[in-house]
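Throughout, read-outs are computed from the coordinates displayed, never taken from laboratory work. For clarity, every value in this text was computed on a predicted model and none was experimentally measured. All Cβ positions, even for glycine, are placed from backbone atoms using ideal geometry, and neighbour counts span all protein chains on display.
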Amino acid sequence: MMQTNLIPTLDPNPLPAPFWVFKLLLVVTFFLHIIAMNFMLGGAVLALGAKWRSKDPAHGARVFFDVAKKLPSLLPATITLGIAPLLFVQVLYGQFFYTSSIIMAWPWFLVLVLVTVAYYGFYYVSFRSGQQPGKTERVMWLSTIFIVVIGFLFSSNFTLSQAPSRWAGKYFAHPSGWSLNLSEPTLIPRFLHFFVAAVAVGGVLLVFIAMANWKRDHDYARLVLHFGGKAFMYATMAQIVVGLIFLVSLPRDMRTLFLGDNALATALLLVGVAGGIGAIFAMSDALRKENLRMCGYVVPGILGVVILCMSVMRDILRDAYLKPWFHPEQFAVKTQWSVFPLFLVLFVAGVILWLVMLARFGLLGGKRDSAKSQSQP
């Protein structure tokens with residue numbers, strides 16, 4: 001009874017569109033956000049890896065700065081595309097999300113500080129290309145660590161929002177707002193599931209960089225292609241293992257959803273695993289033949305399907321956790337169809353504009369960007 005009393009009452013304001021519309025938009029916008037985030041975080045991790053592990057210091061430094069120049073575009077894209085799913089979560093699951101945010105208030109406030117410092121750090125590294133390499137590398141490490149910490153805080157908050165039965169204990173143990181959901185057995189596997197996936201997608205970012213440089217500097221492009229492709233394969237292999245650990249760490253009734261109890265959840269899991277394995281073999285074959293079409297189009301296409309499956313699975317799991325307390329039929333709905341089409345048009349136009357900007361100035365870079373790369377060590 002106590003945990004029920006701790007859950008705030010449902011917002012009496014009616015939804016401006018049917019519940020299923022918000023659920024669909026939540027999944028779609030989260031899918032877009034997670035792709036941008038994976039490019040950003042995975043790219044930063046692999047940039048550091050290239051600088052640290054490269055047998056050729058000059059090539060390692062060039063990969064480092066090629067990726068670094070894209071991070072100031074990818075981080076705001078991650079933030080911008082993350083605002084929409086966060087708002088949809090607040091609309092549909094605000095009773096739970098707001099409460100967990102209050103319980104871990106100070107770590108949650110720190111997200112703003114950490115992302116601001118990381119943003120400035122990425123800009124610093126991108127502007128100091130080729131200058132003070134030791135200092136820029138340290139700044140990159142610091143910014144990347146801050147992004148990783150932010151991801152951990154998000155995982156802590158969302159797992160806590162799905163466990164109202166723990167709220168009272170967490171709050172009364174630390175009423176000042178310094179609680180984290182560290183006792184949650186799925187927290188670390190869940191966090192690693194996102195982190196390792198980001199490294200895999202970061203490998204695809206390097207593949208795109210290789211494609212952009214293929215005709216201008218073939219030797220460098222080949223190095224980046226194989227480094228990025230292998231990073232994708234190894235991280236995806238690790239991701240399959242981490243995903244299984246995450247699945248096993250779930251409570252039994254949640255785990256069985258993906259093992260036959262829920263047809264959709266089970267099908268999505270099978271498609272996700274099969275897609276991950278298929279992408280590994282496709283990338284391996286593409287690297288052996290240096291097939292750019294396979295590396296740059298087929299593998300990212302398979303990866304997109306896998307990420308979409310995982311996004312839907314994440315939503316199914318959240319609803320399963322909140323089933324005793326979350327009842328969508330209780331929402332009042334007053335559809336504003338006169339406004340909704342305008343929202344959809346602006347949303348689609350905004351995504352298209354972002355993709356064009358990313359292709360021109362961020363992900364693939366322009367001619368000016370490539371020319372600068374040629375002059376770097």
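Using the structure shown, decide if residue 69 is crowded, with 18+ Cβ neighbours inside 10 Å, of a type in the set (Lys, Arg) and in contact with a Gly (Cβ under 7 Å, 6 or more places away or on another chain). Here the answer is no, as residue 69 does not meet what is asked. One residue alone among 127, 154, 146 is more than 19 Å from residue 67 (Cα to Cα) and among the aromatic types (Phe, Trp, Tyr), and that residue is 154.
Taking the stated definitions as given, is residue 217 acidic (Asp, Glu) and buried (at least 16 other Cβ atoms within 10 Å of the Cβ)? The answer is yes for residue 217. Where residues in segment 274-304 are crowded, with 16+ Cβ neighbours inside 10 Å and among the β-branched types (Val, Ile, Thr), which of them is nearest to residue 28 (Cα to Cα)? Filtering segment 274-304 for residues that are crowded, with 16+ Cβ neighbours inside 10 Å and among the β-branched types (Val, Ile, Thr), the one nearest to residue 28 (Cα to Cα) comes out as 302.
Looking for something of a type in the set (Val, Ile, Thr), within 30 Å of residue 22 (Cα to Cα) and touching a Phe, Trp or Tyr at 6+ places or on another chain (Cβ under 9 Å) - is there at least one such residue anywhere in segment 119-139? Within segment 119-139 (the criterion being of a type in the set (Val, Ile, Thr), within 30 Å of residue 22 (Cα to Cα) and touching a Phe, Trp or Tyr at 6+ places or on another chain (Cβ under 9 Å)), the answer is no, since none of the residues qualifies.
Report, by residue number, each residue of segment 86-142 that is on the phi > 0 side of the Ramachandran plot and surrounded by 15 or more Cβ atoms within 10 Å (Cβ to Cβ). Within segment 86-142, no residue meets the criteria. Listed by first and then second residue, the pairs with beta-carbon distance under 7 Å, at least 6 apart or on different chains, first residue in segment 190-211 and touching a residue at least 12 places away in the same chain (Cβ under 8 Å) and more than 20 Å from residue 151 (Cα to Cα), second crowded, with 24+ Cβ neighbours inside 10 Å and among the acidic types (Asp, Glu), are 209/66.
Taking the listed residues 53, 128, the one that is out of contact with any Gly (no Cβ under 8 Å at 6 or more places or on another chain), more than 21 Å from residue 163 (Cβ to Cβ) and not hydroxyl-bearing (Ser, Thr, Tyr) is 128, with no other qualifying.
Using the structure shown, decide if residue 97 is of a type outside the set (D, E, K, R) and farther than 19 Å from residue 34 by Cβ. So residue 97 fails the test. What are the residues in segment 309-324 that are surrounded by 15 or more Cβ atoms within 10 Å (Cβ to Cβ) and either farther than 23 Å from residue 29 by Cα or in contact with a Gly (Cβ under 9 Å, 6 or more places away or on another chain) (or both), if any? Of everything in segment 309-324, those that are surrounded by 15 or more Cβ atoms within 10 Å (Cβ to Cβ) and either farther than 23 Å from residue 29 by Cα or in contact with a Gly (Cβ under 9 Å, 6 or more places away or on another chain) (or both) turn out to be 309, 310, 313. Per the conditions (1) outside any loop (DSSP other than H, G, I, E, B); (2) without any contact (Cβ under 8 Å) to a residue 12 or more places away in the chain, the sole criterion not satisfied by residue 261 is (1). Pairs are defined by a Cβ separation below 8 Å, a sequence spacing of at least 6 or placement on different chains, a first member in segment 277-298 that is closer than 13 Å to residue 231 by Cα, and a second member that is of a type in the set (S, T, N, Q) and assigned to a helix (DSSP H, G or I); the pairs so defined are 279/236; 280/236.
Residues checked against (1) surrounded by 20 or more Cβ atoms within 10 Å (Cβ to Cβ); (2) touching a helix residue (DSSP H, G or I) at 6+ places or on another chain (Cβ under 9 Å); (3) not in a loop (DSSP other than H, G, I, E, B):
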residue: 144; (1), (2), (3): yes, yes, yes
residue: 177; (1), (2), (3): no, yes, no
residue: 181; (1), (2), (3): yes, yes, no
residue: 197; (1), (2), (3): yes, yes, yes
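Evaluating residue 155 against the criteria (1) surrounded by 17 or more Cβ atoms within 10 Å (Cβ to Cβ); (2) more than 19 Å from the chain's Cα centre (by Cα); (3) free of Cβ contacts under 8 Å to residues at least 60 places away in the same chain leaves one unmet condition, (2). One residue alone among 39, 97, 64 is touching a helix residue (DSSP H, G or I) at 6+ places or on another chain (Cβ under 8 Å) and within 20 Å of residue 162 (Cβ to Cβ), and that residue is 97.
Among residues of segment 33-44 that are touching a residue at least 60 places away in the same chain (Cβ under 8 Å) and surrounded by fewer than 24 Cβ atoms within 10 Å (Cβ to Cβ), those with a Cβ under 7 angstrom from a residue that is of a type in the set (Ser, Thr, Tyr) and part of a helix (DSSP H, G or I), sequence gap 6+ or separate chain, pair up as 34/311.
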